[in-house]
Structures are given as C-alpha cells and as structure tokens.
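Right, one structure below, let's go through it.
The values are calculated or read from the model by the stated rules, or taken from the named source; none is laboratory data. Only a predicted model underlies this, so the values are computations on that prediction, with no experimental measurement involved. Positions of Cβ are generated from backbone atoms using ideal geometry, with glycine treated the same way; all protein chains shown enter the neighbour counts. Please note that ligands, DNA and RNA were not included when accessible areas were found on the heavy atoms of the full protein model with its side chains. Shrake-Rupley method; radii C 1.70, N 1.55, O 1.52, S 1.80 Å.
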Amino acid sequence: MNTPKIAALILGVGVASAGVTFYLSNEEKPVAPAESSSTETSPKPKATESVTKSAPVDREERPDRRPGGPGRFGGGEDREESPAPEGIDQDAWNDAQRSMRFIYGFVEGMQDPDNRWRRRMQDRVTRDSEAIAKSLGLEGESAEKVQELLNGRMTGSLENSTKIMNGIIANEQGYLEYRALREMSEDDKDLTASQQARLDQLKNDIFGQYYPEGQEVSNDPFRDLIWRNPSNGDWYEDNAFLVKAAAEMPEQEGADLLEYAGKLDYLDRKEYATDRVINIQRSVDLSSEQTQQLNDLYLENRNPSDEQLSQIVSPDQLEAVKSAGSERRWGRRGRR
C-alpha cells in the first residue's frame, strides 16, 4: 500500500472528515435534539456497540486526580507520609506522596504479565480485533494481522507510559515538589512568585523531554502525555496507528479499515454533540436554530471557544451554555 498516500489522507484531511463524508452518504444528515427532548437521553449508536470505549485506567486510579486513600499497589505503599517542606501545604504534600506511590505501583505492576491493567488492555484488544474482523469480513491471516497490529499498539502504549513514569521516579523529589505546588495552585492557594517560577521550572524539567521539540509543555502534562495520548485511547482515533495498519494490510482491507475508523469516529462525535446539547437544553432556553447550530459546532469541536459560542448564543446565555456544555454526565460514554 502507498504509505505516503495513506498518511496524507489521514493526517492532511483527517479521519473525522472522511467519516462524515462516508456516513452522510449513507444516512440522512443528523438533526440536533429537538427542544422538547431536553429530558431525554440519546440512544447509543448501534454501530459502536461492538467496540469497547474505555480509558486506560479508572478515574480514581489516575495520579493526576486526588486519590481517596493510601496507595493500593506496591512501590512504597508502606511508607509513612512525611512532613511537608517549608512553604508547602501538608495536604498537598500528602497528595503528592500518594501520587508517587501510584507511579511506583504502576511501574512494578507492568512487570507482571498477569497485572489486571494488562489483562484489561488485552481484553480490549481482543474485543476490538473481533469487532473489526466481523465488520470488515476478515478471516484467517487477515484477522490475525489485525490482532497483531492492535497488540503492537498496546505494547507501545504501555512502554511509553512506563518510560514516562520511570523518568518521574528518577526525579522523585522534583516530582513531589511539582505535584504539591500544582495541587496548591489548583486549590486556590496563592503561590509566591518564587514558588510559581519553581513550579514552571519543574514542569519543564520533568516533562519537557517527552514533548516534540519546540512544543510548549501544557499545564497538565501528565494527562496530556498519558491519558490524552492517542495510543491510550480508541484505535480509530489514533492516526499514527491507522497509518501503520493501512500500510501493512492489503490495500483494499486497509482502505476498508480507514473507512470503518472514520465511521466510528463520526458516530462518537455525533453522540458527544447530542449529549452536550441536551445538557445545555436542561438549563438554557434555546431556539431551534440555536439548537442546530450548537449541535453542528460540538460535532466538529468538543471544546469550542467563547468566541465560537458567542456567535450562536446571546451574552446573557453564554456562561450558562459553557457550564452546561462542559458538565460531565456520569454513566455516558466519552473520554474527554
């Protein structure tokens, strides 16, 4: 298969756009939720029922979230929490130490082939490969190739996460200080100028090496590098994986895979847009035109800017729309 051509298709045009083109050629254009549907929930698209959509780990296991209790894994689980250094809030320091214990536990756990995270990721690979094979009519070597490609993606994802966490362990004291200062900042505890400078320095020292040259380190680098890394999400949103898979599969099968990926990506975005608009309708009185325009906006952009929203809603509606649009509804799908 022509790899540069496939790469240009995915990275230049975008799988999402390809998915819209495919889907709208077979279905009517989706209509935004009716104003009377504000108390309803949108049905789960049938085409996505066979594809498991799950984050790499549970929310409460993430080190960028405040843990609810002591570390649950190895790597210093028995350590007592030490007094905070001068100028550091004790609660923030305790959170940093719990986060550090999680990181030790993750790295130790990844060395165990029976680790539950590895089993869960392997189960997801199996489900996804079976869903792809069924949807594309693949059998024998073709189905095995999909399984092989997804296994390789999983291995690469684990290796990348482990590499970053090993880097954190190598700079444990720096990470503890960074994590505590960041916690203080997020809890509206005013940092001194020197503390803010130290926070920025530590962020760049610890995480800057994992960003492409010239790219600014985000304010939430752990989430940016790991939880939002495409290799940790759904296979059909991972452009690098799609380029590799399409290049290694027979040409028609590779093209079919790209088309299927585009369809699934579109259906996810369609569901997300419907969910956002329903949330907004619960608290904001929208006209039919506003409802459709917001649906179209969220279909193309999960996190629209104030300027984009202001072109649709009035100034007195803006804050309520932003709040309702960003609200997470538990029990529904969606990673972001």
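Could you compute how fast region 85-232 diffuses translationally, taking Rh as the Kirkwood radius over C-alpha pairs and applying Stokes-Einstein at 4 °C with viscosity 1.567 mPa s? Give it in µm² per second. It diffuses with D of about 74 µm²/s by this estimate. Scoring 299-310, 207-218 by mean Cβ neighbours within 10 Å over their residues and listing the highest first yields 299-310, 207-218. Scalar couplings 3J(HN,Hα) for region 104-115, obtained by applying the Karplus form with A = 6.51, B = -1.76, C = 1.60 to θ = phi - 60°, are 4, x, 4, 5, 5, x, 5, 7, 9, x, 9, 4 Hz; x denotes Gly and Pro. Working note: Karplus 6.51/-1.76/1.60 with θ = phi - 60° gives region 175-188 the couplings 5, 4, 5, 4, 5, 5, 5, 5, 4, 4, 4, 6, 8, 6 Hz, where Gly and Pro are set to x.
In this view, the solvent-accessible surface of THR291, computed with a 1.4 Å probe and all protein chains in place, comes to about 0 Å².
The Cα-based radius of gyration and maximum Cα-Cα distance (Dmax) for region 177-265 are 19.2, 60 Å.
Rounded to whole numbers, the Karplus 3J(HN,Hα) couplings from phi for region 96-102 are 4, 5, 5, 4, 5, 5, 4 Hz, using 6.51 cos²θ - 1.76 cosθ + 1.60 with θ = phi - 60°, and x at Gly and Pro. The Cα atoms of region 252-328 cover 52, 21, 21 Å along the three principal axes, with the biggest extent listed first.
On a 31 Å Cα-Cα criterion, which of the cross-link pairs LYS145/LYS263; LYS189/LYS270; LYS203/LYS322; LYS189/LYS322; LYS263/LYS322 come out too long? In this structure, LYS189/LYS270 lie more than 31 Å apart at Cα.
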